[in-house]
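Student: The structure follows.
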Amino acid sequence: MMALVVLAFTACNKNEQNEQNEPNKTTFTASTQQMEYEGEDRVYINQSLRIVFEPGDMCMLYNINEMEPWRSNCATYEAVQEGDVVEFRNCGLGEVALERQDAFYAVYPGGPGCTQTELSSGENKSRFYISPNQEYRQDMVSLQNMYMIGKVDDVDDLGDVHFNFKNIFGILALKPYEAARRTVTEIKIVDNYYDLSGWVEASLPYLDWEEFVYLFNNYDLNNPDYLERLEAFKNLIGYNVYDTGNTITMNVPGGVQLGDSRNNTPTFNIVLRPWALYQGFHIIFTFDDGTQKDVDLSGYHNLIMKPNVIQRISMNLDGY
């Protein structure tokens with residue numbers, strides 16, 4: 001187990017500027033990306049297929065200096081309203097220069113427990129935690145793992161910045177059903193090949209979104225040229241992982257009763273990393289009477305989690 005680096009935060013200084021001027025100097029706005037969907041039916045996060053922020057949701061804001069990383073700084077910011085286009089304000093952990101250096105970056109989620117930085121040691125590296133646990137929310141997504149990233153390098157002042165967040169992960173919209181209509185208290189995804197949780201380390205200035213999308217869309221572990229390009233990208237961004245695991249567990253507080261058909265059963269929206277499930281997996285359902293059902297899909301290779309895509313699948317548990 002690695003000794004995790006303490007967040008490189010300084011105490012937040014009180015902004016002594018006129019309250020009327022403050023929103024233009026210390027806040028920014030951000031919007032979420034419209035998601036795509038694949039599978040049997042349309043599913044949505046809101047009616048425009050966008051992730052919805054809630055008041056208090058935290059992201060990490062960076063003001064990055066590429067040539068002199070010791071000048072980079074970061075701070076936690078929180079959403080001040082609900083919606084897919086919201087304003088974020090500093091929430092007390094850290095402080096950023098209000099004038100852009102090379103680029104502003106925002107990563108959601110952020111803050112204690114899910115973000116660590118090495119800015120104080122002169123490196124533009126950060127670590128981001130992918131939790132092995134998620135919590136069921138009816139018709140919503142457990143946002144703690146729904147990583148999004150935004151970059152702005154053509155606006156000088158923070159108060160004028162608007163981030164168009166890109167969704168790095170995808171969503172498995174799972175609709176299990178059975179004749180007995182038992183009550184589910186936990187759903188565990190076990191990937192046969194890929195790690196699903198842990199700390200991921202990367203250097204933001206080198207995280208090229210277009211290259212990331214290319215590498216995903218052209219995924220081919222049997223192509224030496226592709227593997228060389230993938231390895232070069234990982235080396236460039238300083239990619240590393242720590243304390244990893246191959247499971248994601250969705251906890252269902254109080255339990256939720258399944259339906260007896262795909263039309264009347266609840267949807268469990270589970271956030272998963274890109275490439276998950278492609279090399280086989282299984283799903284373990286736990287019911288309120290203590291029984292379990294392990295649906296083994298080790299030989300199923302028709303499903304792959306994609307960035308910004310909702311994969312919707314129905315599952316008749318009586319068939320397993």
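Student: Based on alpha-carbon positions alone, could you give the equivalent ellipsoid semi-axes of the range 167-299 from the gyration tensor, as √(5λ), descending, whole Å?
Tutor: Rounded to whole Å, the semi-axes are 35, 15, 13.
Student: Report the residues of the range 274-289 in range of a label on N192: point 7 Å along Cα→C-beta, backbone N strictly under 17 Å from it.
Tutor: Those under the cut-off are 275-284.
Student: Roughly speaking, what is the centre-to-centre gap between the range 155-225 and the range 232-299 when only Cα atoms are used, to the nearest Å?
Tutor: About 13 Å separates the Cα centre of the range 155-225 from the one of the range 232-299.
Student: Roughly how many nanometres apart are two label points built 7 Å out from the Cα toward the Cβ at Q279 and Y239?
Tutor: Output for this residue pair reads 1.3 nm.
Student: Take Y206, project a point 7 Å from its Cα along the Cβ direction, then tell me which residues of the range 61-81 have their backbone nitrogen under 15 Å from it.
Tutor: Residues 66-69 qualify, since their backbone N sits under 15 Å from the label point.
Student: Further question on the same structure: Quick check: pseudo-label points 7 Å beyond the Cα along Cα→Cβ at A97 and H162, how many nm apart are they?
Tutor: The answer from the label model is 2.6 nm.
Student: Now for a different question. Trypsin sites (Lys or Arg not before Pro) within the range 41-118: which are DSSP loop residues with at most 12 other Cβ atoms inside 10 Å?
Tutor: Listed in order of number, the matching sites are R42.
Student: Continuing with the same structure: Using the Karplus curve 6.51 cos²θ - 1.76 cosθ + 1.60 with θ = phi - 60°, what ³J(HN,Hα) values do you get for each residue of the range 243-260, in whole Hz, with x for Gly and Pro?
Tutor: 6, 8, x, 9, 10, 10, 10, 9, 7, 10, x, x, x, 9, 7, 7, x, 9
Student: With angles folded into 0 to 90 degrees, how steeply does helix 224-236 sit against the dominant principal axis of the chain? Use alpha carbons for both and round to 10.
Tutor: Around 50 degrees separate the two axes.
Student: Report the normalised scattering of the chain as log10 I(q)/I(0) at q = 0.11 Å⁻¹, calculated by the Debye formula with identical scatterers on the alpha carbons.
Tutor: These q points yield log10 I(q)/I(0) values of -0.73.
Student: May I ask you to order 138-151, 254-267 by the average number of other C-beta atoms within 10 Å around their residues, highest value first?
Tutor: Final packing ranking: 138-151, 254-267.
Student: Moving on to the next point. Per residue and in Å³, how big is the convex hull formed by the alpha-carbon atoms of the range 108-214?
Tutor: 171 Å³
Student: Read phi for every residue in the range 86-96 and hand back ³J(HN,Hα) as whole Hz from Karplus 6.51 cos²θ - 1.76 cosθ + 1.60, θ = phi - 60°, with x for Gly and Pro.
Tutor: Calculated HN-Hα couplings, in order: 9, 9, 10, 10, 4, 10, x, 10, x, 8, 10 Hz.
Student: Of the peptides 219-231, 53-65, how do they stack up when ordered by the mean number of other Cβ atoms within 10 Å, highest first?
Tutor: Top to bottom by mean Cβ count within 10 Å: 53-65, 219-231.
Student: Rg to Rh for the range 48-102: what is it, with Cα atoms only and Rh by Kirkwood?
Tutor: 1.08
Student: Using a cut-off of under 15 Å, list every residue of the range 138-180 whose amide N is near the label point 7 Å from the Cα of T27 along the Cα-to-beta-carbon line.
Tutor: Only 158-163 pass the distance filter.
Student: Among the listed pairs K125/K175; K151/K306; K166/K293; K175/K306; K151/K188, give every one whose C-alpha distance is greater than 28 Å.
Tutor: K125/K175; K166/K293; K151/K188
Student: Show me the three semi-axes of the equivalent ellipsoid for the range 37-187, from the C-alpha gyration tensor (sqrt of 5 times each eigenvalue), largest first, rounded to whole Å.
Tutor: Here the semi-axes work out to 34, 17, 13 Å.
Student: Tell me which residues come under 5 Å, amide H to amide H, from D288 once H is placed; ignore anything under 5 positions away on its chain.
Tutor: T183, T185
Student: Spelling out what I want: for every residue of the range 97-114, take phi, set θ = phi - 60°, compute 6.51 cos²θ - 1.76 cosθ + 1.60 (Karplus), and round to whole Hz; glycine and proline get x.
Tutor: 5, 7, 9, 4, 8, 9, 7, 8, 10, 10, 10, 10, x, x, x, x, x, 9
A short reminder: the numbers here are calculations on the coordinates, not readings from a lab. Nothing here was measured: the structure is a model prediction, and the numbers come from that model. Counting neighbours? That spans all protein chains shown, and the Cβs are built from the backbone with ideal geometry, glycine included.
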